[in-house]
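J.: One structure is given below, represented as structure tokens, and several questions about it will come after.
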Amino acid sequence: SGSVMECPRRAAAQRRGTDGIRHTRFAVVRNTRPQLRDTTRKTFNDWLGNYGTWRENPMEFHIRKDDIDCEVLFRALDEPKDVRNLLSLELTGCYFNEGREISEEIWKGMTGRVGRYPAAKDGGCSWAGIWMDSNPWHTGHWADKLFTKGLKEHELFRQPSGLSAEAENLEWLESGYYDRMCIGKDQDWIDLYVHGLNGAGDEGSVFGRWIERLRQRGGLEAFNHRTDDVFTSWDLGLADATAIFWWRVTPQGVEILDWHENQGEGLEYYFDQLEQRAKPVDQGGLGFNYVKHWLPHDAANNTLAAGTSVLNRFLQRYPSKVSLNPNLSILDGIQAARWLLEQPGTRFH
């Protein structure tokens with residue numbers, strides 16, 4: 001609600017233009033059209049519906065009162081054309097509703113669209129910028145990195161825990177509201193939605209908590225490493241992504257050196273990724289010397305299109321340097337990865 005009220009507040013504080021009118025234009029952005037219609041617009045209408053006029057297609061709200069002329073453009077990000085249209089606007093400011101769902105590229109693009117209305121010839125902007133509300137993001141989120149840089153142009157306001165003595169707005173909630181919210185929830189959920197703390201990983205992440213601990217002990221930083229005895233592990237796909245990890249085993253633990261992912265490419269493309277990294281450094285490579293390439297167990301299956309298996313194609317290219325992973329259940333695979341992330345010697349370059 002406070003973010004909604006920023007629109008008329010900023011509009012009323014704008015300097016008068018050459019015609020004596022305070023002109024502003026704001027974009028209000030949500031990730032999908034149903035979310036924009038059912039949540040963002042509804043809140044906006046509850047607070048400001050009587051102070052302006054609506055237009056449905058495209059969804060826009062216009063406040064024209066005394067010396068204020070304020071346009072509010074509601075935009076979703078469902079389709080590429082929506083993004084293109086958003087990033088071609090000339091705006092005073094932008095409000096991102098539920099900011100953690102907005103991509104970093106959208107935020108970056110928007111920084112170049114605000115402060116462009118009204119034009120300098122018409123008096124310019126006395127204020128321009130971006131604000132957003134959000135449930136807490138995880139510690140690897142772009143917004144978390146932005147606000148931890150200590151840039152004076154950025155401010156973060158964190159609401160206190162709903163169970164703390166400083167909890168806000170309790171007079172507008174039923175008694176015991178936050179206590180009931182906690183029933184049946186795990187600690188990660190409570191930390192996020194009741195205490196207002198950052199999540200260890202993206203919502204639903206099966207490794208988020210483990211990766212956060214790895215980051216805290218310095219396991220996600222660049223380091224010097226040898227380039228011999230390098231292994232690769234593969235996750236194969238065509239309709240979905242194929243990913244490769246490059247790694248070494250040392251007396252201290254496992255070092256993950258590099259990673260590559262793409263989609264819709266044939267095996268030759270990925271073979272080229274291996275060969276590029278095997279080139280000497282002075283030829284643009286990393287100098288990797290391969291010991292073995294580990295493939296998923298189903299790489300032994302023949303494909304209808306190729307008439308042979310992925311395993312056979314690897315063996316033709318890298319004889320004696322290819323092996324299959326055991327056929328583990330998804331749960332066993334997740335537990336194995338969590339174990340690896342917990343080891344004190346595991347680190348990611």
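J.: Exactly one condition in (1) open to solvent by 60 Å² or more (accessible area, probe 1.4 Å); (2) touching a strand residue (DSSP E or B) at 6+ places or on another chain (Cβ under 6 Å); (3) under 30 Å from residue 165 (Cβ atoms) is false for residue 192; which is it?
T.: Just one mismatch for residue 192, condition (1).
J.: So is residue 27 of a type in the set (Gly, Ala, Ser), in contact with a Gly (Cβ under 9 Å, 6 or more places away or on another chain) and within 19 Å of residue 113 (Cβ to Cβ) or not?
T.: Details: of a type in the set (Gly, Ala, Ser): yes; in contact with a Gly (Cβ under 9 Å, 6 or more places away or on another chain): yes; within 19 Å of residue 113 (Cβ to Cβ): yes.
Against the criterion (of a type in the set (Gly, Ala, Ser), in contact with a Gly (Cβ under 9 Å, 6 or more places away or on another chain) and within 19 Å of residue 113 (Cβ to Cβ)), residue 27 qualifies.
J.: Moving to a separate point now. Filter the stretch 228-256 for residues that are hydrophobic (A, V, I, L, M, F, W, C) and touching a helix residue (DSSP H, G or I) at 6+ places or on another chain (Cβ under 9 Å); which is nearest to residue 295 (Cα to Cα)? Even if it seems obvious, please write down each step before you answer.
T.: So in the stretch 228-256, the residues hydrophobic (A, V, I, L, M, F, W, C) come out as 230-231, 234, 236, 238-239, 241, 243-247, 249, 254, 256.
Narrowing further to those that are touching a helix residue (DSSP H, G or I) at 6+ places or on another chain (Cβ under 9 Å): 230, 234, 236, 244, 246, 254.
Details: 230: 15, 234: 5, 236: 8, 244: 10, 246: 13, 254: 18 Å.
Only one residue tops the list, namely 234.
J.: Ok, one more. Considering only residues that are in contact with a helix residue (DSSP H, G or I) (Cβ under 7 Å, 6 or more places away or on another chain) and of a type in the set (A, V, I, L, M, F, W, C), look in the stretch 129-166 and name the one that is surrounded by the fewest Cβ atoms within 10 Å (Cβ to Cβ).
T.: Let us first name the residues in the stretch 129-166 that are in contact with a helix residue (DSSP H, G or I) (Cβ under 7 Å, 6 or more places away or on another chain), namely 130-139, 141-143, 154, 156, 162-163.
Then drop every residue that is not of a type in the set (A, V, I, L, M, F, W, C), which leaves 130-132, 137, 142-143, 156, 163.
Details: 130: 18, 131: 17, 132: 16, 137: 20, 142: 16, 143: 21, 156: 10, 163: 13.
That would be 156.
J.: Let me ask something additional. Of the residues 316, 263, only one is open to solvent by 70 Å² or more (accessible area, probe 1.4 Å) and either hydroxyl-bearing (Ser, Thr, Tyr) or over 30 Å from residue 210 (Cα atoms) (or both); which?
T.: Details: 263 fails: either hydroxyl-bearing (Ser, Thr, Tyr) or over 30 Å from residue 210 (Cα atoms) (or both).
Criteria check complete, one pass: 316.
The rows are residues; the columns are (1) open to solvent by less than 30 Å² (accessible area, probe 1.4 Å); (2) of a type in the set (Val, Ile, Thr); (3) on the phi < 0 side of the Ramachandran plot; (4) free of Cβ contacts under 8 Å to residues at least 24 places away in the same chain.
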| position | (1), (2), (3), (4) |
| --- | --- |
| 271 | yes, no, yes, no |
| 281 | no, yes, yes, yes |
| 292 | no, no, yes, no |
| 324 | no, no, yes, no |
| 332 | no, no, yes, yes |
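J.: List pairs: first in the stretch 219-246 and surrounded by 14 or more Cβ atoms within 10 Å (Cβ to Cβ), second assigned to a loop (DSSP other than H, G, I, E, B) and aromatic (Phe, Trp, Tyr), Cβ under 9 Å, 6+ apart or cross-chain?
T.: As it stands, the answer is 227/288; 230/288; 232/288; 246/288, since those pairs meet every condition given.
J.: Are there any pairs, at least 6 apart or on different chains, whose C-beta atoms fall under 6 Å, with the first in the stretch 5-32 and more than 13 Å from residue 95 (Cα to Cα) and touching a residue at least 12 places away in the same chain (Cβ under 8 Å) and the second open to solvent by 20 Å² or more (accessible area, probe 1.4 Å) and assigned to a helix (DSSP H, G or I), and if so, which?
T.: Every condition considered, the pairs that remain are 17/122; 18/122.
J.: If I ask for residues that are part of a loop (DSSP other than H, G, I, E, B), out of contact with any Gly (no Cβ under 6 Å at 6 or more places or on another chain) and in contact (Cβ under 8 Å) with a residue 24 or more places away in the chain, which ones from the stretch 252-265 would you list?
T.: Correct list: 264 only.
J.: For residue 117, are the conditions met, namely being within 11 Å of residue 26 (Cβ to Cβ), touching a residue at least 60 places away in the same chain (Cβ under 8 Å) and open to solvent by less than 20 Å² (accessible area, probe 1.4 Å)? Give the steps one after another, and end with the answer.
T.: Working: within 11 Å of residue 26 (Cβ to Cβ): yes; touching a residue at least 60 places away in the same chain (Cβ under 8 Å): yes; open to solvent by less than 20 Å² (accessible area, probe 1.4 Å): no.
Against the criterion (within 11 Å of residue 26 (Cβ to Cβ), touching a residue at least 60 places away in the same chain (Cβ under 8 Å) and open to solvent by less than 20 Å² (accessible area, probe 1.4 Å)), residue 117 does not qualify.
J.: Next question, about the same structure. Might you let me know whether the stretch 193-207 holds any residue that is touching a residue at least 12 places away in the same chain (Cβ under 8 Å), over 30 Å from residue 128 (Cβ atoms) and among the polar types (S, T, N, Q)?
T.: Restricting attention to the stretch 193-207, the residues satisfying the condition of being touching a residue at least 12 places away in the same chain (Cβ under 8 Å) are 193-203, 205-207.
Filter again for over 30 Å from residue 128 (Cβ atoms), leaving 193-195, 197, 199-203, 205-207.
Pick out the ones that are also among the polar types (S, T, N, Q) and you get 205.
Scanning the stretch 193-207 turns up at least one residue that is touching a residue at least 12 places away in the same chain (Cβ under 8 Å), over 30 Å from residue 128 (Cβ atoms) and among the polar types (S, T, N, Q).
J.: Could you tell me which of the residues 285, 345 is touching a residue at least 60 places away in the same chain (Cβ under 8 Å) and in a loop (DSSP other than H, G, I, E, B)?
T.: On the way: 285 fails: touching a residue at least 60 places away in the same chain (Cβ under 8 Å).
Every option except 345 fails the conditions.
J.: Hey, can you tell me all the residues within the stretch 48-68 that are open to solvent by 30 Å² or more (accessible area, probe 1.4 Å), of a type outside the set (Ser, Thr, Tyr) and within 15 Å of residue 6 (Cα to Cα)?
T.: Matches in the stretch 48-68: 62, 68.
J.: Would the stretch 130-147 turn up any residue that is in contact with a Phe, Trp or Tyr (Cβ under 9 Å, 6 or more places away or on another chain), over 19 Å from residue 39 (Cβ atoms) and of a type in the set (Val, Ile, Thr)?
T.: Of all residues in the stretch 130-147, those in contact with a Phe, Trp or Tyr (Cβ under 9 Å, 6 or more places away or on another chain) come to 130-136, 142-144, 146.
Next, only the ones that are over 19 Å from residue 39 (Cβ atoms) stay: 130, 142-144, 146.
Retained after the next criterion (residues that are of a type in the set (Val, Ile, Thr)): 130.
Yes; the residues of the stretch 130-147 include at least one that is in contact with a Phe, Trp or Tyr (Cβ under 9 Å, 6 or more places away or on another chain), over 19 Å from residue 39 (Cβ atoms) and of a type in the set (Val, Ile, Thr).
J.: Kindly evaluate residue 40 against the criterion of being at pLDDT 90 or above, part of a helix (DSSP H, G or I) and touching an Asp or Glu at 6+ places or on another chain (Cβ under 9 Å). Quick ask: steps written out before the conclusion?
T.: Details: at pLDDT 90 or above: yes; part of a helix (DSSP H, G or I): yes; touching an Asp or Glu at 6+ places or on another chain (Cβ under 9 Å): yes.
Against the criterion (at pLDDT 90 or above, part of a helix (DSSP H, G or I) and touching an Asp or Glu at 6+ places or on another chain (Cβ under 9 Å)), residue 40 qualifies.
The values are calculated or read from the model by the stated rules, or taken from the named source; none is laboratory data. Remember, it's a predicted structure, so these values are computed and weren't measured experimentally. Reconstructed Cβ throughout: ideal geometry from the backbone, glycine too, with neighbour counts over all protein chains shown. Only protein heavy atoms, including side chains, enter the accessible area calculation; ligands, DNA and RNA are left aside. Shrake-Rupley method; radii C 1.70, N 1.55, O 1.52, S 1.80 Å.
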